[in-house]
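Trainee: Mind looking over this structure? Questions follow.
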Amino acid sequence: MVITKVVEFAPRLLQATLTRAPASFTTAVIERLFNQVFKADLDQGSFDFLTDRWAAIEVRDLALKFTVSVQQQQQKTRFNIASSVAAPDVSMRVDWPALLQLSTQQVDPDTLFFRRKLLLTGDTELGLQIKNLLDTIELQERLPGPCYRLLSEFSNQTNRVKALT
């Protein structure tokens, strides 16, 4: 029951936190997280197609918006996260429950796209490259076990709560 209450209030708590935190802090945290979680993929060149191109990501119900690009810095490939750019190449919009399902691979990106839970605008080829790459990455192998299990439980509980409403 406790996890159900946490799931119900998590989006509001995250939204309140994100709206109060400085954008520079939020983008720094996201940048560090992305560079750590996807380090092996960056080293292998899996994200090279995103070099000097920008993808805007919006998690609507959390009021979270940021842009992501890949850049070469000191002979290393790294993610560069900004709060916004003037004209991103592609924009992706998703809600918290769909993001949880996507990140825990309980649903594939195509399903979310066709259910209109994952919206893409702009350069659709770039958007499809991102979507296809995300479909192959298993966060279960990259995140600490307890963290991944918590995300999975949040996703399961979010689906149960939504089914009851």
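The values are calculated or read from the model by the stated rules, or taken from the named source; none is laboratory data. This is a predicted model, so every value here is computed, not measured. Quick reminder, even Gly has a Cβ in these numbers, built from the backbone with ideal geometry, and neighbours come from all protein chains shown.
Trainee: What's the number of the condition ASP61 fails, among (1) farther than 26 Å from ARG115 by Cβ; (2) part of a helix (DSSP H, G or I); (3) charged (D, E, K, R)?
Mentor: (1)
Trainee: How many of the residues in the stretch 71-95 are outside any loop (DSSP other than H, G, I, E, B) and touching a Lys or Arg at 6+ places or on another chain (Cβ under 7 Å)? Show your work before the answer.
Mentor: Residues of the stretch 71-95 outside any loop (DSSP other than H, G, I, E, B): 71-73, 76-82, 90-94.
From the residues that got through so far, the ones that are touching a Lys or Arg at 6+ places or on another chain (Cβ under 7 Å) too are 71, 93-94.
Within the stretch 71-95, residues that are outside any loop (DSSP other than H, G, I, E, B) and touching a Lys or Arg at 6+ places or on another chain (Cβ under 7 Å) number 3.
Results for (1) assigned to a helix (DSSP H, G or I); (2) of a type outside the set (Lys, Arg); (3) modelled with pLDDT of 90 or more, shown as yes or no for each residue.
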| site | (1), (2), (3) |
| --- | --- |
| ALA16 | yes, yes, no |
| ALA28 | yes, yes, yes |
| ASN35 | yes, yes, yes |
| ARG53 | no, no, yes |
| ALA56 | no, yes, yes |
| LYS65 | no, no, yes |
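Trainee: For the stretch 96-106, enumerate the residues that are crowded, with 18+ Cβ neighbours inside 10 Å and not in a helix (DSSP H, G or I).
Mentor: First pass over the stretch 96-106, keeping only residues crowded, with 18+ Cβ neighbours inside 10 Å: 96-104.
Within the stretch 96-106, THR104 is the sole residue that qualifies.
Trainee: Return the residue satisfying two criteria in turn: it lies in the stretch 51-93 and is of a type in the set (Ser, Thr, Tyr) and touching a Gly at 6+ places or on another chain (Cβ under 9 Å), and of such residues it is surrounded by the fewest Cβ atoms within 10 Å (Cβ to Cβ).
Mentor: Per the stated criteria, the residue is SER91.
Trainee: May I pose another question? Looking only at the stretch 104-125, which residues are under 18 Å from LEU50 (Cβ atoms) and not aliphatic (A, V, I, L, M)?
Mentor: PRO109, THR121, GLY122, ASP123, THR124, GLU125
Trainee: Kindly indicate the residue of the stretch 123-165 that is surrounded by 14 or more Cβ atoms within 10 Å (Cβ to Cβ) and basic (Lys, Arg) and also modelled with the lowest pLDDT among those meeting that condition.
Mentor: By that ranking, first place goes to ARG142.
Trainee: Being under 15 Å from ARG93 (Cβ atoms) and without any contact (Cβ under 8 Å) to a residue 60 or more places away in the chain is the filter here, so list the residues in the stretch 124-133 that pass it.
Mentor: THR124, LYS131
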